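The next block holds one structure in the form of structure tokens; read it before the comments.
Each reported figure results from applying straightforward, stated rules to the coordinates on display, with no laboratory input. Remember, it's a predicted structure, so these values are computed and weren't measured experimentally. Virtual Cβ from ideal backbone geometry, glycine too; neighbours counted across all protein chains shown.
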Amino acid sequence: MPERDRFEALLSETLRQAAPVAVMGGPQPEYPFTYGLPDPASFPSRALLRVARTVLLEQGREALQYGNYQGDPALRSLVADRLRWLDGVEVGPEQILITNGSSQAIALVAQALVNRGDTILVEAPTFLGAVRTFELFGPRVVEIPLDDHGMRIDVLERTLTDLRRGGIQPKLLYTLPTFQNPAGVTLTLDRRRALVQLAERFNVPVLEDDPYGELRFEGRALPSLLKLDRSGLVIRCGSFSKILGAGLRLGWLAAPESLLRRLVQLKVDGGTNPFASHFAVAFARRGLLERHVRLLRRVYRARRDAMLESLEAHCSEHATWTRPQGGFFIWVQLKPEIDPARAREEALARGVAYLPGPACYSSGRGANQLRLAFSYLPEDQIRAGIARLGEALAAARRAPVAAGAPR
Ligand SMILES: Cc1ncc(COP(=O)(O)O)c(C=O)c1O
């Protein structure tokens, strides 16, 4: 169509960098393990309804008005208080920016720091949404591998050293230290300490993305990178999406005040969701958020257990996988005898959908890996779906190479 062609020729450099978006919709698979969707049955709709009524009656004049660009002051205080209670971090409300989910926090940091051609470091694999956001700014993305204990700090050190020798100053290290998306692994305390020391030594800003940290099912909470940092180079972002409601679109970012003032300059939007902010504050200040998070830990723990048990029962011949202590995801490594393309077809034919590994690498690696989200379906459906996945993987085994056959 002529009109569309005219716009194509006029598109900005930024938009030309953007990867096409998979169009949502179409028939829903019977067993959707693809996306990290929160459990809809756990949304605290009734409690929120009561709180919304009070907010509208008592604070409607402010809640329905335009908001402050930095975010609702009461919500910024709440986020600062929770950082102190949960992690012992001392930051004031002036160091908090409220964002449209943590997705926007990631985009603002990229916009603030990354120019075309700059080098940034990410874990491999990493959160696909962040990869897509970073790609808009045209950086060179260097991947640092993970193991069961989180990012390989030895590789990080070697990479930073090599880059420095080549005269390259990375602009950002993006990391998910707790219940990593997609791998489910958690960075150990020693590695956390080493990471912040390396960031200081090489003067690299760190974006610590942690939307899942409160959903810990077992083990002791570890200090955040922000808590361990002495250099002022760590920016931390979080979200209400997984602990309250993704549709509220409330996230936050904590940063040194000087950077925070600069980030606010990028945020010309009438303030992020003033109504949802009032809502979240009223809910949390009544003690309902902490109670709700306790409930979510039980819900998601049961789902993780159901998925791990079913994987053990149906998939152990075909794959290995991580055992997360919290969060939403299990990362699966297919054995070499499984054909990954065939596995995907066989799984979809049985109504089972998962996220193929290459979506989680900016280099497109990971063909024989995949991510399963255990957050969305109840246990009985998880069990049924993983049993079908086991059948699909069995059907995707490559024919054995006959002994003596030419290779
Ligand atoms: C690691 C990670 N970061 C950020 C986000 C963005 O979440 P939201 O924008 O809803 O806060 C997600 C969502 O799945 C995520 O998994």
Would you calculate the volume per residue, in Å³, of the smallest convex hull containing every Cα atom of segment 1-99? 269 Å³
Which translational diffusion coefficient, to the nearest whole µm²/s, is obtained for the chain from the Stokes-Einstein equation, given a Kirkwood hydrodynamic radius over C-alpha pairs, 4 °C and 1.567 mPa s? 57 µm²/s
Treating the Cα atoms of segment 46-288 as identical point scatterers in vacuum, please give the log10 of the normalised Debye intensity I(q)/I(0) at q = 0.16 Å⁻¹, two decimals. -1.15
Quick check of the Kirkwood formula: for segment 63-186, what is the inverse mean of 1/r over all pairs of different Cα atoms, in Å? 16.4 Å
Go ahead and set up a Gaussian network model of the chain, Cα springs under 10 Å, then flag whichever of 322, 175, 161 fluctuates most. 161
Do any trypsin sites (Lys or Arg not before Pro) in segment 40-78 lie in a DSSP loop with no more than 14 other beta carbon atoms within 10 Å, and if so, which? none
Once the piece of chain linking residue 189 and residue 165 is laid out straight, how much longer is it, given 0.36 nm per residue of separation minus the C-alpha distance between them? 5.8 nm
Could you check what % of the DSSP bridge pairs in the chain are antiparallel, to the nearest 5? 55 percent
Within straight cross-link reach of residue 335, meaning Cα distance under 20 Å, which aspartates and glutamates are found once same-chain residues fewer than 8 apart are removed? 147, 148, 309, 312, 317, 345, 346, 391
Using alpha-carbon pairs under 8 Å, 6+ residues apart, how would you state the relative contact order of segment 156-273 in percent? 20 percent
Relative to 2.2 N^0.38 Å, what does the C-alpha radius of gyration of segment 269-371 come to as a ratio? Two decimals please. 1.49
Cleavage-rule hits, GluC sites (Glu not before Pro), segment 59-153, DSSP coil, Cβ neighbours within 10 Å at most 15: 90
Would you list 5, 269 from fewest to most Cβ contacts within 10 Å? 5, 269
If I model a spin label as a point 7 Å beyond the Cα along the Cα-Cβ vector, how far apart are those points for residue 335 and residue 231 in nm? 4.4 nm
In straight Cα distance, which lysines are under 25 Å from residue 171, not counting same-chain residues fewer than 8 positions off? 227, 267
GNM result for the chain, Cα springs below 10 Å: residue of 57, 113, 370 fluctuating most strongly: 57
